[in-house]
Amino acid sequence: MSVTIHPMSLVDPKAQLGAGVKIGPFCMVGPDVVLGEDVELVSHVVIAGRTTIGPRTRIFPFASIGHPPQDVKYRGEPSTLTIGADCQIREGVTMNPGTEGGGMITSVGDRCFFLANSHVGHDSRLGSNIIFSNNVMCAGHVTIGNYVIVGGGAGLQQFVRIGDHAFIGGGAGVLSDIIPFGTVRDNPAHLVGLNLIGLKRRGFTREQIHELRRAYRLLFADEGTLAERVEDVAAEFSTHPLIDEILNFIREGGDKPLCTPRDATAAER
């Protein structure tokens, strides 16, 4: 399949364009950009820097992809931005490459959906099948797992970690790590239970969900310290990989703050 470039667009001849790429009017593509097969830039899209975009990703008007990080410490180092296959990047979305202080790369997985005016900051690492609703603000150095949904206007503070299958309510201010399968809301964000709707939609069994709920209640009960409860849950659910995922996430965070329920009754939801 041939590449289609509208005559009103400016594409650097050094840019690498895969078969079937479509570039609409008023786009700009820089010399170090790589566009995979069947990528489409609808119109008014600007892609700069060392940016690689995977096959079949579609980018809508006024998106700014790959421009220098919004970090005063950035000194022009040759950092990169990689975006996976089959993503949808809607109007006004901004994504920045990495910095020397964060590993030199910002990465986005496959099949992600970024609604209008959402932002992915420098050195963030995003998994696959993520949804950012309108105006989501993702600061630098954020790590997000797979199948995470972030509601409109939510803000993710730098260096927070979001576990797989988590759900973040609209307008939430996320200042602490969120466990896999957790649901948070409000500002500052706090846990309100498990992402039960998401778990059911993705085919988790009733037994799996029941065991996750039991483990969740034990983890966030009033008795003992969190470290003690983690080990108690590990002993009781020694053969449950989904619960292991939560426990490992907590352990890997070390002394980092964790989103928890506001009170004991919230842990029963």
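Tell me, which helices (runs of 4 or more DSSP H) lie completely within the range 167-269 with 1 or more residues that are crowded, with 20+ Cβ neighbours inside 10 Å and touching an Asp or Glu at 6+ places or on another chain (Cβ under 7 Å)?
241-252
Got a number for residues in the range 1-34 being within 13 Å of ALA48 (Cβ to Cβ) and part of a strand (DSSP E or B)? Residues flagged as within 13 Å of ALA48 (Cβ to Cβ) and part of a strand (DSSP E or B) within the range 1-34 amount to 5.
Under 15 Å from ILE23 (Cα atoms), of a type in the set (A, V, I, L, M, F, W, C), touching a strand residue (DSSP E or B) at 6+ places or on another chain (Cβ under 8 Å) and not in a loop (DSSP other than H, G, I, E, B) - does that describe any residue in the range 95-109? The answer is no, given that none of the residues of the range 95-109 is under 15 Å from ILE23 (Cα atoms), of a type in the set (A, V, I, L, M, F, W, C), touching a strand residue (DSSP E or B) at 6+ places or on another chain (Cβ under 8 Å) and not in a loop (DSSP other than H, G, I, E, B). Output the residue which, of all residues in the range 43-68 that are small (Gly, Ala, Ser) and closer than 10 Å to MET95 by Cα, is surrounded by the most Cβ atoms within 10 Å (Cβ to Cβ). The residue in question is GLY66. Within the range 134-157, the set of residues being surrounded by fewer than 19 Cβ atoms within 10 Å (Cβ to Cβ) and either among the small types (Gly, Ala, Ser) or in contact with a Pro (Cβ under 6 Å, 6 or more places away or on another chain) (or both) comprises GLY152, GLY153.
Scanning the range 61-103 for residues that are in contact (Cβ under 8 Å) with a residue 40 or more places away in the chain and not polar (S, T, N, Q) turns up PRO69, ASP71, TYR74, GLY84, ALA85, PRO97.
Any residue at all in the range 143-154 that's touching a Phe, Trp or Tyr at 6+ places or on another chain (Cβ under 6 Å), part of a strand (DSSP E or B) and modelled with pLDDT of 95 or more? Before the answer, list the steps.
Within the range 143-154, the subset touching a Phe, Trp or Tyr at 6+ places or on another chain (Cβ under 6 Å) is 149-150.
Subset that is part of a strand (DSSP E or B): 149-150.
Now narrow it down to the ones that are modelled with pLDDT of 95 or more: 149-150.
Checked the range 143-154: at least one residue is touching a Phe, Trp or Tyr at 6+ places or on another chain (Cβ under 6 Å), part of a strand (DSSP E or B) and modelled with pLDDT of 95 or more.
State whether one or more residues within the range 75-86 are among the hydrophobic types (A, V, I, L, M, F, W, C), farther than 20 Å from GLY152 by Cβ, buried (at least 23 other Cβ atoms within 10 Å of the Cβ) and within 17 Å of the chain's Cα centre (by Cα).
At the first step, the residues of the range 75-86 found to be among the hydrophobic types (A, V, I, L, M, F, W, C) are 81, 83, 85.
With the extra rule that they be farther than 20 Å from GLY152 by Cβ, the set shrinks to 81, 83, 85.
Then drop every residue that is not buried (at least 23 other Cβ atoms within 10 Å of the Cβ), which leaves 81, 83.
From what is left, the residues that are within 17 Å of the chain's Cα centre (by Cα) are 81, 83.
Yes, there is a match, as at least one residue in the range 75-86 is among the hydrophobic types (A, V, I, L, M, F, W, C), farther than 20 Å from GLY152 by Cβ, buried (at least 23 other Cβ atoms within 10 Å of the Cβ) and within 17 Å of the chain's Cα centre (by Cα).
Among the residues of the range 96-135, those identified as more than 16 Å from VAL39 (Cα to Cα), touching a Cys at 6+ places or on another chain (Cβ under 9 Å) and among the hydrophobic types (A, V, I, L, M, F, W, C) are VAL120, LEU126, ILE130, ILE131, PHE132.
The values are calculated or read from the model by the stated rules, or taken from the named source; none is laboratory data. Note that the structure is predicted; figures quoted are calculated from it, not measured. No Cβ is skipped: glycine too gets one built from the backbone with ideal geometry, and neighbour counts run over all protein chains shown.
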